[in-house]
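Structure record follows, encoded as structure tokens.
The values are calculated or read from the model by the stated rules, or taken from the named source; none is laboratory data. Because the structure is a prediction, the values reported are computed rather than measured. In this analysis, Cβ positions are derived from the backbone assuming ideal geometry, glycine residues included, and neighbour counts consider all displayed protein chains. Note: accessible area is taken over every heavy atom of the protein model, side chains too, but ligands, DNA and RNA are not part of it. Shrake-Rupley method; radii C 1.70, N 1.55, O 1.52, S 1.80 Å.
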Amino acid sequence: MSTKPVRLYFLCIQNRCRSQIAEAYARYYGGEQVIAESAGLETGDIHPYTIEVMKEVGIDISTRISKSIDMQTFMQSNVIVKLCEQLNEKCPVVPFAIKNVQWDIADPLTHEGRLEDVRSARDEIRLKIIELLRELNIPHRINQ
């Protein structure tokens, strides 16, 4: 008997770095147990550093695109993860039936946006994804 995949929606301001990394790791570690998507209040190109740091860990996100928040996806999600505190006041209210998770991860692309900062954010997000999957009792692979 198979269980329904858990729907995870990762939100950020621009959907060009942190939320893209979170979506990629959730898909990677959660496999068929999750349906992971990401979006932002604004859209823009996924930053080249985002693509580069994920390629370093063997995950190709080069064909992904930046998306704005879709209310149908929002309402169908089991878990909404906000990756920055700016979303607290700008994001739609998360209904009680949906788990609301807040991760305040600093935008590594502010100012000059250094590659090392994007790597640090990637590594922090990876650990948070693994912990989230554990909390949700979602079987996941641990090999990277």
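Can you find a residue in segment 120-134 that is assigned to a loop (DSSP other than H, G, I, E, B), crowded, with 16+ Cβ neighbours inside 10 Å and within 12 Å of the chain's Cα centre (by Cα)?
no
Take segment 106-118 and flag every residue that is open to solvent by 70 Å² or more (accessible area, probe 1.4 Å) and within 15 Å of Ala22 (Cβ to Cβ). Once the filter is applied, which keeps residues that are open to solvent by 70 Å² or more (accessible area, probe 1.4 Å) and within 15 Å of Ala22 (Cβ to Cβ), segment 106-118 yields only Ala106. Within segment 63-80, the presence of at least one residue that is under 25 Å from Pro95 (Cα atoms) and in contact with a Leu (Cβ under 6 Å, 6 or more places away or on another chain) is confirmed. In the set (1) farther than 17 Å from Leu115 by Cα; (2) open to solvent by 10 Å² or more (accessible area, probe 1.4 Å), the condition left unmet by Tyr25 is number (2). Note on segment 1-28: among residues that are part of a helix (DSSP H, G or I) and either aromatic (Phe, Trp, Tyr) or at pLDDT below 95 (or both), the one that is farthest from Met71 (Cα to Cα) is Tyr28.
Screening segment 30-105 for helices (runs of 4 or more DSSP H) wholly inside it with 1 or more residues that are without any contact (Cβ under 8 Å) to a residue 40 or more places away in the chain, open to solvent by 20 Å² or more (accessible area, probe 1.4 Å) and acidic (Asp, Glu) returns the ranges 87-90.
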